[in-house]
Amino acid sequence: MRSPYSYPQRVIAHRGGGVLAPENTLAGLRLAHARGFGAVEFDVMLTGDAVPILMHDDTLERTTSGRGQVGTARAADLARLDAGSWRDERFAGEPVPGFGAAAALCVELGLWANVEIKPWAPGGVAVAERTGTLVASASAIAFSPARVLLSSFSPEALRAARVACRLDIACLFDALPANWREQVGAVDAVAVHCNAARLSKAEAAAIKAQGLGLMCWTVNDPEVAQRLFDMGVDAVCTDRLDLLSPA
Ligand code: G3P
Ligand code: MG
């Protein structure tokens, strides 16, 4: 059995600053740091011209002032959008950050990063592989190996990331699939990230028995977090930086 993967903190800030800031923005990363968080998760997608940016959705409407598909847009056009006002007018004018700027800010603030590789879904396997390759390569340049963990729901993206770099990888699952051990082995993953609402005690024990790290998302109730820790879960990812303490 390998020596177990260890997270720098038990509570990780989801999408940068959770619900206290616009998701996947530099403002969110700064807020997480200001609240004492040392570990953040954020999502990285490619624009149509293959520039990695922080973005969760395939489309722009929910979190920006723009419209349409992320995966066919030009990075220069996305750079002009407001990605802050949807959360609160206090964040008006907050830009959609490039991955490089977000990674540099993490390094500057001492934030460990779970970089979730989020392929633009309509692009299929080709875009998933390109996203895995480019985000992994950029992460290997931006971060020291101990300060970053790559993850993705996309097996194609993770396989491409594994070819592109030797950084630590986590397999990200909603319901744990029957072949999870095979998926972990295919990319030599060091951790498994699961939906807290769907993970059973037996599944948690089986994952830990393999010497893997185990993180659960998205946990916004301190009592639920404690129950998961008692089950052997190593870390939780939260939107509620005001309710869950990073310590
Ligand atoms: O990486 C954990 C979590 O962020 C996965 O779900 O949809 O919030 O990216 P989502
Ligand atoms: Mg995510």
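The numbers here are math on the coordinates, done by the rules we state, and not lab data. Not measured: the values here are computed from a predicted model. A quick note on method: Cβ atoms are made from the backbone with ideal geometry, for glycine too, and the neighbour counts reach across all protein chains shown.
Being in contact (Cβ under 8 Å) with a residue 60 or more places away in the chain and within 16 Å of ligand 2 (Cβ to nearest atom) is true for just one of Ala235, Ala196. Which residue is that? Within the list Ala235, Ala196, the selection yields Ala235.
Within region 28-54, the residues that satisfy the criterion of being buried (at least 24 other Cβ atoms within 10 Å of the Cβ), of a type in the set (A, V, I, L, M) and away from ligand 2 (no atom under 13 Å from the Cβ) are Leu29, Ala32, Leu46, Ile53.
Assess whether Gly28 counts as being in a loop (DSSP other than H, G, I, E, B) and within 28 Å of Leu214 (Cβ to Cβ).
Working: in a loop (DSSP other than H, G, I, E, B): no; within 28 Å of Leu214 (Cβ to Cβ): yes.
When the stated conditions are applied, Gly28 does not pass them.
In region 44-56, is there at least one residue being under 18 Å from Ser151 (Cβ atoms) and assigned to a loop (DSSP other than H, G, I, E, B)? Within region 44-56, one or more residues are under 18 Å from Ser151 (Cβ atoms) and assigned to a loop (DSSP other than H, G, I, E, B). Cys171 falls short on exactly one of the conditions (1) touching a Pro at 6+ places or on another chain (Cβ under 9 Å); (2) under 22 Å from His56 (Cβ atoms); (3) more than 16 Å from ligand 2 (Cβ to nearest atom), and that condition is (3).
Leu199 meets each of the listed conditions (1) in a loop (DSSP other than H, G, I, E, B); (2) surrounded by fewer than 20 Cβ atoms within 10 Å (Cβ to Cβ); (3) of a type outside the set (D, E, K, R) apart from (2). For the criterion of being in contact (Cβ under 8 Å) with a residue 24 or more places away in the chain, within 17 Å of Tyr7 (Cα to Cα) and touching a strand residue (DSSP E or B) at 6+ places or on another chain (Cβ under 9 Å), Leu172 passes.
If you go through region 177-195 and keep only what is assigned to a loop (DSSP other than H, G, I, E, B) and surrounded by fewer than 20 Cβ atoms within 10 Å (Cβ to Cβ), you end up with Pro177, Ala178, Asn179, Asp188. Note on region 83-128: among residues that are part of a loop (DSSP other than H, G, I, E, B), within 16 Å of ligand 1 (Cβ to nearest atom) and among the charged types (D, E, K, R), the one that is farthest from Phe153 (Cα to Cα) is Arg87. In region 153-171 there is no residue that is part of a loop (DSSP other than H, G, I, E, B) and more than 23 Å from Pro119 (Cβ to Cβ).
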